[in-house]
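K.L.:
Quick one: the structure is below, questions incoming.
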Amino acid sequence: MQTILGASGQIAVELARVLARTQTTDLRLVSRNPHKVNETDTIARADLLDSEQTTAAVAGSDVVYFTAGLPANTALWEKQFPTMLRNALDAARAAGARFAYFDNTYMYPQDDRVQIESTPFAPVGPKGRLRAAMATMVLREIERGDIPVLVARAPEFYGPGKTQSFTNMLILDRLKAAKRPLVPVRADRRRTLIWTPDASGALALLGNAADAFGQTWHLPVAPEHPTYREFVAMASRALGRRSGYAVLPKWLLSTAGLVSPQVHEIRELLPRYEHDNVFDSTKFASRFPDFEVTSYYEGLRQIGQSSNLG
């Protein structure tokens, strides 16, 4: 049996679909309010802050995927995330299960160096420091060697459904609503985004490849690294909208953070939008050469098709 912890988010939903299609129909979906994704799924209600509930939810698993997310609230992250991860690791160890940790790039330097699996952690703000501490917790579990563990790391998302990211919120959601896209800080810097179905499909492959454990993996991204100017042009064309955008300067976002809790939570990430932000997934491509990565335009085209835009 394979178990997904934090089974309500977009990555988890897509992971459940691809696992059932390509790996196994013996899936258990775990969250506070779980719902089946596939007809054959079993569901388990558990609060990952409760160690006993987490252990019970993981019991009998062969592979455990940690895909839990929380709203972008620093205080909530600091209070809950480390406990959730520790309980999940303890539960996987008790079950003798393999553990796949889905991670982000908040802990990486916010400069123009190309990000690879060995890029040193250099977090800028509290959420970055927390994600660095959590990743370090998982790396120590790898060193401990009691169970097979891997880290699967993804850059910023773009995608269908309920995908949550600044790019979806500021560009794609606004285009779908026939509003002008908003670009944070600069439009002429290269960006790497990952199509959420690709992230989930790759995570499913890693979780079922014995030789993938004991390592950190960058999940696969398209070889292009478009600027936001280029991305907005592609998105406008794919969604059938007029092209154009407005740049939100750093000073405006910093000031807006004083009155908007949502903007306040992204201020620590603003330096990354001043530089090229390039994420390299060569290692994954070398190990899984047959994995088909979705091009940016194809992903945007699928969003346009699924949105029924007028």
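K.L.:
Could you say which residue among 109, 120, 82, 148 is outside the structural domain of residue 246 (by TED's automatic domain parsing), loosely packed, with under 15 Cβ neighbours inside 10 Å and within 21 Å of residue 219 (Cβ to Cβ)?
P.N.:
None of the others qualify; the one that does is 120.
K.L.:
Please find, within region 45-80, the residue that is nearest to residue 166 (Cα to Cα) out of those that are in contact (Cβ under 8 Å) with a residue 40 or more places away in the chain and assigned to a strand (DSSP E or B).
P.N.:
The selected residue is 66.
K.L.:
Kindly indicate the residue of region 32-44 that is assigned to a loop (DSSP other than H, G, I, E, B) and under 23 Å from the mean Cα position of the chain (by Cα) and also surrounded by the fewest Cβ atoms within 10 Å (Cβ to Cβ) among those meeting that condition.
P.N.:
Within region 32-44, the match that is surrounded by the fewest Cβ atoms within 10 Å (Cβ to Cβ) is 33.
Yes/no matrix, rows are residues, columns are (1) on the phi > 0 side of the Ramachandran plot; (2) in the same structural domain as residue 235 (by TED's automatic domain parsing); (3) free of Cβ contacts under 8 Å to residues at least 24 places away in the same chain:
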| position | (1), (2), (3) |
| --- | --- |
| 161 | yes, yes, no |
| 166 | no, yes, no |
| 171 | no, yes, no |
| 175 | no, yes, no |
| 180 | no, yes, no |
| 183 | no, yes, no |
| 186 | no, yes, no |
| 200 | no, no, no |
| 204 | no, no, no |
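K.L.:
Can you confirm whether region 155-165 contains a residue that is charged (D, E, K, R), closer than 19 Å to residue 217 by Cα and in contact with a helix residue (DSSP H, G or I) (Cβ under 8 Å, 6 or more places away or on another chain)?
P.N.:
Checking region 155-165: at least one residue is charged (D, E, K, R), closer than 19 Å to residue 217 by Cα and in contact with a helix residue (DSSP H, G or I) (Cβ under 8 Å, 6 or more places away or on another chain).
K.L.:
Pull up region 81-129, narrow it to residues that are aliphatic (A, V, I, L, M) and not in a helix (DSSP H, G or I), then point me to the one that is farthest from residue 152 (Cα to Cα).
P.N.:
Here the answer is 124.
K.L.:
Test each condition in (1) out of contact with any Asp or Glu (no Cβ under 6 Å at 6 or more places or on another chain); (2) more than 15 Å from residue 11 (Cβ to Cβ) for residue 125 and report the one that comes out false.
P.N.:
Exception for residue 125: condition (1).
K.L.:
Could you name every one of the strands (runs of 3 or more DSSP E) located completely within region 152-239 that has at least 2 residues being buried (at least 18 other Cβ atoms within 10 Å of the Cβ), of a type outside the set (D, E, K, R) and at pLDDT 95 or above?
P.N.:
Because the criterion is at least 2 residues that are buried (at least 18 other Cβ atoms within 10 Å of the Cβ), of a type outside the set (D, E, K, R) and at pLDDT 95 or above, the strands (runs of 3 or more DSSP E) in region 152-239 that meet it are 193-195, 216-218.
K.L.:
Something else: Taking region 14-31, which residues are over 15 Å from residue 58 (Cβ atoms) and either in contact with a strand residue (DSSP E or B) (Cβ under 7 Å, 6 or more places away or on another chain) or surrounded by fewer than 19 Cβ atoms within 10 Å (Cβ to Cβ) (or both)?
P.N.:
Scanning region 14-31 gives 15, 16, 17, 18, 19, 20, 21, 22, 23, 24, 25.
The values are calculated or read from the model by the stated rules, or taken from the named source; none is laboratory data. Fair warning: this is a prediction, and the values are worked out from it, not measured in the lab. Cβ atoms come from the backbone with ideal geometry, glycine included; neighbour counts cover every protein chain shown.
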